[in-house]
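Asks: Handing you a structure now.
The values are calculated or read from the model by the stated rules, or taken from the named source; none is laboratory data. The shown structure was predicted, so the numbers you read here are calculated from the model rather than taken from an experiment. Every residue, glycine as well, gets a Cβ built from its backbone with ideal geometry; the counts of neighbours run over all protein chains shown. Accessible surface is based on the protein model in full, side chains and every heavy atom, while ligands, DNA and RNA are left aside. Shrake-Rupley method; radii C 1.70, N 1.55, O 1.52, S 1.80 Å.
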Amino acid sequence: MPGPEVIGVSGLRKSYGAVPVLHGVDLHVGRGEIFALLGPNGAGKTTTQEILTGFSSRSAGSVSVLGEDPAGAGSRWRARIGIVPQDMGSFDQLTVKEVVSHFASLYPDPLPVGSVIERTGLGGKANERTSRLSGGQRRRLDIALGIVGRPELVFLDEPTTGLDPQARRGTWDLIRALAADGTTVMLTTHYLDEVEVLCDRVAILLRGKVAEQGAPADIGGRAHGEAVIEFQAEGPLRGAELPTVQQVGASLGRAEGQVRIGTAAPAATLRVLLEWSARLGSFDLPGLTVTRPTLEDVYLRMIAADAATPASEPELEHVA
C-alpha cells in the first residue's frame, strides 16, 4: 500500500439466509491509492461495497474503514465518504448549480461548488436544468455530487459509463487528481483498459473470494508471461530461413510472410532477430509489434477457468 491503511478487511463473510455470498474476503487499501474491485456479475462486488459503506451488515470477519467499523459508524464518519453509484437519481426541475449546492450543504466542509462544477466538466451547464443534460453530462453530475463533500474515500461505480472519449479522459484526470490530493478511490468498472491506466492495485472477486490481488501489470503473471513478437518477412527477409531462437524459449510460426513468435524473453529474442535481419541486408523488421496479454485477456481467462470449475457445496454461516 502506498500510504496508511484506509480500508482493512479480514475474513469477511456474508450470507443471505442459508446462501453464502462472500467467503473470507481480505482487502487492504492505502491512503491515496486507486484500487479496483473487479469481478463478473454475482461475484460479490456490490455486497462488499455495501458492507464497506455501512449499508449492509456482515456475517463474520473484521472491517475497518477510515479507522472505524462501518456497522456502527455515525454521521461524522459518513461525511468523510463519497459514493457515486451507477445512478444518483433525478433532479429534473433543478439546475446543476442548485443540485450541487444542495448536496454541498449536507457536509461540514464541502469543496467550493463552482470549483466542483468546473472540475467535472460542467462549467458551461451550471445554470442548466438537469433534465436537459445528456447522459454523459448526467454522469459527470453524479461524480460532482460524490466529491463535493471533500471525501477522504470515494467509491466510484462505473464512473465513465456513457461518456465520450474526451470526457472519459477528463474523468481519468479528475480521479488522478483526487488521488494526488490524498483521496483514496475504490473503483468498479467493466472497462479493463481504465483499470490499467488508473489503478495502483486490483482485486478480482470470483464466487465471493479474492482470486488474485496485486498491481494490474502483475495479475495472472502478466509481467513475466509470454510476449508475442510479430513482423512481416518482406524484401530480403522473404523466404529466408528463420534464426534459431530456441535458446531464449521462443516458439516460431510463419504463414504467408507473417512471422509470429511467442517468447518469455522478448528482448533477447529481438536481438537475435535484428542480427539475423542485418545479416540479410535488412535493418528493419517491417510491421514489428511486441505485445503481452492485456489485463482483459487475463481477466477473461480467469473467469472462464472459474466457470469451468464445479461449484463447491454451499457453506452454512452464522449471521452475526
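Asks: Scan the range 24-72 for residues that are among the aliphatic types (A, V, I, L, M) and in contact with a Gly (Cβ under 6 Å, 6 or more places away or on another chain) and report the count.
Replies: 0
Asks: Something else now. Can you say whether Arg150 is open to solvent by 60 Å² or more (accessible area, probe 1.4 Å), under 30 Å from Lys45 (Cα atoms) and outside any loop (DSSP other than H, G, I, E, B), as far as the supplied structure shows?
Replies: no
Asks: Starting from the range 256-282, keep only residues that are of a type in the set (S, T, N, Q), then list their pairs with residues that are assigned to a helix (DSSP H, G or I) whose Cβ atoms are within a distance under 7 Å, requiring at least 6 positions of separation or different chains.
Replies: Pairs found: Thr263/Val248; Thr263/Thr269; Thr269/Val248; Ser277/Leu237; Ser282/Gly235; Ser282/Pro236; Ser282/Leu237.
Asks: Does any residue in the range 73-97 that is of a type in the set (Val, Ile, Thr) come within less than 6 Å, Cβ to Cβ, of a residue that is in a loop (DSSP other than H, G, I, E, B) and open to solvent by 70 Å² or more (accessible area, probe 1.4 Å) six or more places away or on a different chain, and which pairs are these?
Replies: Every condition considered, the pairs that remain are Thr95/Asn127.
Asks: Which count do you get for residues in the range 292-304 that are among the hydroxyl-bearing types (Ser, Thr, Tyr) and open to solvent by 70 Å² or more (accessible area, probe 1.4 Å)?
Replies: 0
Matching residues to (1) crowded, with 21+ Cβ neighbours inside 10 Å; (2) touching a residue at least 24 places away in the same chain (Cβ under 8 Å); (3) in a strand (DSSP E or B):
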site	(1), (2), (3)
Thr160	yes, yes, no
Trp172	no, yes, no
Leu187	yes, yes, yes
His190	no, yes, no
Glu194	no, yes, no
Ala203	yes, yes, yes
Pro236	no, yes, no
Gly239	no, no, no
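Asks: Give just the number: which of (1) open to solvent by 10 Å² or more (accessible area, probe 1.4 Å); (2) touching a residue at least 12 places away in the same chain (Cβ under 8 Å) does Gln166 not satisfy?
Replies: Condition (2) is where Gln166 drops out.
Asks: Working carefully through the options Val100, Val65, find the one that is in contact (Cβ under 8 Å) with a residue 40 or more places away in the chain, open to solvent by less than 10 Å² (accessible area, probe 1.4 Å) and over 25 Å from the mean Cα position of the chain (by Cα).
Replies: Residue meeting the stated conditions: Val100.
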